[in-house]
Amino acid sequence: MRFSKMFIPTLREAPADAESISHILMLRAGYVRQLAAGLYIFLPLGWRVLGRINAILKQEMEAIGAQEISMPILHPAEIWQQTGRWDVIGDEMFRLKDRNDRDFCLGMTHEEIMTWLASREIRSYRDLPQVWYQIQTKLRDEARPKSGVLRTREFIMKDSYSFDATDEGLEKNYQLHAEAYHRIFNRCGLRFMQVESDPGMMGGGYSHEFMAPSPAGEDEIALCDGCGYSANVELALSVPSAIDLQEWDKEEIHTPEKRTIKEVSNFLKLAPMYFIKSILVITDQGPVLALVRGDQELHEKKLARIIGSHRPAQKIEVKEILGVEAGFIGPMGRDMRIVADNSLKEGSYVGGANKPHYHVKGVKADRDFRAEWHDIHIAKQGDLCTNCGKPLHVERVIEIGNIFKLGTKYSGALKAVFLDENGQEKPIIMGSYGIGPARIAAAAVEQNFDKDGIIWPKSIAPFDIELVPINMNDPKTVEVAEALYKELTSDGFALLLDDREERAGVKFKDADLIGIPIQIIIGEKNLKEGLVEIKDRKTKETVRVKVEEVAASLKQT
RNA sequence: CGGGGCGUAGCGCAGUUUGGUAGCGCGCACGGUUCGGGACCGUGAAGUCGGAGGUUCAAAUCCUCUCGCCCCGACCA
């Protein structure tokens with residue numbers, strides 16, 4: 001392609017409403033434009049990148065036997081009502097009516113529709129397994145679109161769905177997908193890891209996420225260097241750092257106006273880890289008291305898995321229910337449901353005395369209160385691995401893919417059943433597997449850039465090579481540029497030829513910004529010796545090569 | 001949905017406090033000089049000051065309402 005004929009609107013300055021690296025660079029380098037919050041236009045360069053990513057996705061999906069199909073984006077409500085998600089999901093689903101007042105929604109994902117298809121067409125175990133996938137637009141009315149192309153309201157997703165007769169079949173397809181995902185992300189040049197995750201709204205039992213480390217990410221994962229344990233902090237288990245267990249005699253202490261752990265800790269000159277943090281939450285079945293160690297944070301999702309959905313109690317409610325104001329509440333002598341973090345089992349602690357301006361030192365589990373014991377704290381840097389006891393570290397990541405074992409959640413609801421060898425009717429066992437191509441692109445930029453611009457991994461760059469003839473008025477320069485363009489194109493490289501009548505500085509700046517991995521610079525002085533420069537975008541290293549040897553030297557790398 | 005910030009030319013911004021009828025840089029068009037890291041000189045085009053209403057002789061500026069965008073949080077494959 002010729003630069004002069006291609007629409008590549010580069011920007012010298014970053015638009016004010018871009019914050020994250022990938023957002024700024026993709027805007028500045030002319031890859032995308034924003035239409036509205038969370039809605040992006042992919043310009044020619046951006047679309048080429050997505051095209052290359054999608055080509056890799058297709059190859060690897062086909063390689064594990066997945067078959068590409070295409071599903072509608074507009075879905076009738078009934079199918080979503082049958083699985084219950086029409087009601088469960090809420091504001092995140094775009095809903096609309098047709099001219100006959102029938103309810104529809106825009107697809108946020110395609111479990112329902114894929115399962116509907118299976119329910120109509122699959123009859124026998126002989127029809128199984130099937131793996132269907134598509135690269136299709138999804139729509140979600142995100143509460144807060146952000147970070148450019150990383151979190152949008154409309155986005156393309158590669159989503160595949162496996163249909164099996166047996167759990168072993170599902171396990172196999174799950175593993176095949178995990179392996180394919182490793183190949184895909186490796187080929188896309190990303191640093192990533194696979195972690196255990198929370199299935200969330202997908203339901204079902206078991207899932208993993210693929211995470212690309214980046215400060216721009218929205219998720220955090222806990223990693224163990226010792227045994228390789230890795231999980232989203234949403235469910236990561238951990239052993240809080242050990243403390244010298246205390247066995248204090250029980251003693252009431254006057255703590256005037258000292259309400260928070262921090263205040264009491266400073267007042268008593270005692271580290272926060274020797275305190276019990278008592279948090280009152282409200283569930284449909286009534287109030288529950290949650291206890292964590294003073295240096296920990298309560299993990300609401302972990303708690304929700306034990307007691308169901310809940311919300312924090314308001315200050316007034318604390319007073320009404322517990323009879324004492326927040327800040328001095330404790331578990332002692334409470335006749336209510338108490339869920340406590342495992343770390344409080346041993347030793348004695350300081351907790352609220354259940355009377356204003358007093359705390360109690362020497363509160364001891366089982367003697368002074370009874371609780372259900374669980375891991376309900378947020379795993380944090382420095383906590384220890386529950387497997388091997390080595391320290392965990394916490395890293396910020398971009399979610400680039402996920403795999404779910406759905407089981408029969410959708411097939412059951414939509415009556416997607418088959419007859420097994422014995423003529424018995426059974427629900428199909430399903431899995432679903434997603435990858436966001438735009439997130440791969442954004443993660444690649446977040447992981448590979450410098451002050452001058454993007455540095456694309458070779459596999460997903462919009463072009464393999466950019467030719468930079470410096471002086472378009474020099475006939476020899478143009479001649480060599482055209483010849484190289486022809487030769488390298490026929491060698492199978494994708495070339496961008498910067499044939500604009502621009503000054504050298506402008507071309508260099510744009511080339512670095514756009515981030516094509518190899519630049520070939522064609523200048524008059526070098527040409528006199530029959531040489532051109534091959535420059536590596538990442539290292540900025542330049543080698544001078546004879547014009548005739550350019551093709552050969554590129555094939556080596 | 002809660003908190004904060006911002007809407008003035010294609011982009012980045014000043015002007016708003018103290019009302020007087022809109023400006024700078026980049027970009028764009030034309031002419032000239034330049035030509036290996038975003039050149040220089042000259043000329044020029046381009047703005048319902050996000051929108052609506054109000055106050056006033058007069059509103060980008062003051063008041064009310066409204067829309068949009070960004071950030072933090074809540075939420076979330």
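Heavy atoms only, probe 1.4 Å: what % of the accessible area of the range A:251-374 goes to carbon and sulfur, would you let me know?
Percent of accessible area from carbon and sulfur atoms in the range A:251-374: 50.
Between A:ASP249 and A:ASN186, take the C-beta separation as r, use R0 = 60 Å, and let me know the FRET efficiency to the nearest 0.05.
With R0 = 60 Å, the Cβ-Cβ based efficiency is 0.50.
Past 23 Å, Cα to Cα: identify those pairs from A:LYS345/A:LYS390; A:LYS301/A:LYS415; A:LYS58/A:LYS426; A:LYS302/A:LYS355; A:LYS486/A:LYS555; A:LYS146/A:LYS262, in the order given.
Checking Cα-Cα distances, A:LYS301/A:LYS415; A:LYS58/A:LYS426; A:LYS302/A:LYS355; A:LYS146/A:LYS262 exceed 23 Å.
Quick check on the range A:211-357: of the DSSP beta bridges with both residues there, what percent are antiparallel, nearest 5%?
About 75 percent, rounded to the nearest 5.
Leaving out ligands and nucleic acids, and using a 1.4 Å probe, what accessible area per residue does the range A:376-532 come to in Å²?
Result: 39 Å² per residue.
Give me the Kirkwood hydrodynamic radius of the range A:303-366 in Å, from all C-alpha pairs, to one decimal place?
One decimal place: 13.0 Å for the Kirkwood radius.
Grab the eigenvalues of the alpha-carbon gyration tensor for the range A:102-232, scale each by 5, take roots, and send me the semi-axes largest first in whole angstrom.
Here the semi-axes work out to 27, 22, 13 Å.
Given the range A:463-556, report the % of alpha carbon pairs whose separation exceeds 20 Å.
Value for the range A:463-556 (Cα pairs over 20 Å): 26 percent.
Please express the Cα-Cα pair-distance distribution P(r) of the range A:251-374 as a list of whole percents, one per 10 Å bin, running from 0 to the bin with the greatest distance.
14, 49, 33, 4
In the neighborhood of A:LYS426, defined by Cβ-to-Cβ distances under 15 Å, what is the net charge if each Lys or Arg adds +1 and each Asp or Glu adds -1?
-3
For the range A:463-556, give the percent of accessible area contributed by carbon and sulfur heavy atoms, probe 1.4 Å, rounded to a whole number.
Heavy-atom surface of the range A:463-556 belonging to carbon and sulfur, 1.4 Å probe: 51 percent.
Would you kindly state how much longer the chain becomes between A:ASN266 and A:GLU62 on full extension, computed as 0.36 nm times their sequence separation minus their alpha carbon distance, in nm to one decimal?
Separation in residues times 0.36 nm, less the Cα-Cα distance, equals 67.3 nm.
Convert 25 °C to kelvin, take the viscosity as 0.890 mPa s, use the Kirkwood radius over C-alpha pairs of chain A as Rh, and evaluate the Stokes-Einstein diffusion coefficient in µm²/s, rounded to a whole number.
It comes out at roughly 89 µm²/s.
For the pair A:ARG33 and A:LEU74, what calculated FRET efficiency results from E = 1/(1 + (r/R0)^6), where r is the Cβ-Cβ distance and R0 = 35 Å, to the nearest 0.05?
0.85
Considering only DSSP beta bridges where both residues belong to the range A:293-400, give the percentage that are antiparallel (nearest 5).
For the range A:293-400, the DSSP antiparallel bridge percentage is about 65.
What accessible area per residue comes out for the range A:139-237, rounded to a whole number of Å², with a 1.4 Å probe?
39
Normalised by the residues of the range A:272-430, what does the relative contact order come to in percent, with Cα pairs under 8 Å and at least six apart?
After rounding, I find 18 percent.
Using a simple spin-label model with points 7 Å from Cα along the Cα→Cβ vector, what separation in nm is obtained for A:ASP452 and A:MET336?
So the label points at A:ASP452 and A:MET336 sit 6.4 nm apart.
With a 1.4 Å probe and all protein chains left in place, how much accessible area per residue does the range A:41-133 have, in Å²?
Solvent-accessible surface per residue comes out at 51 Å².
Applying 1/(1 + (r/R0)^6) with R0 = 25 Å to the Cβ-Cβ distance of A:GLU487 and A:GLU541, what FRET efficiency is obtained, to the nearest 0.05?
0.65
The values are calculated or read from the model by the stated rules, or taken from the named source; none is laboratory data. Model, not experiment: these values are computed from the prediction. A quick note on method: Cβ atoms are made from the backbone with ideal geometry, for glycine too, and the neighbour counts reach across all protein chains shown. Heads up: the accessible areas ignore ligands, DNA and RNA and are worked out on the full protein's heavy atoms, side chains in. Shrake-Rupley method; radii C 1.70, N 1.55, O 1.52, S 1.80 Å.
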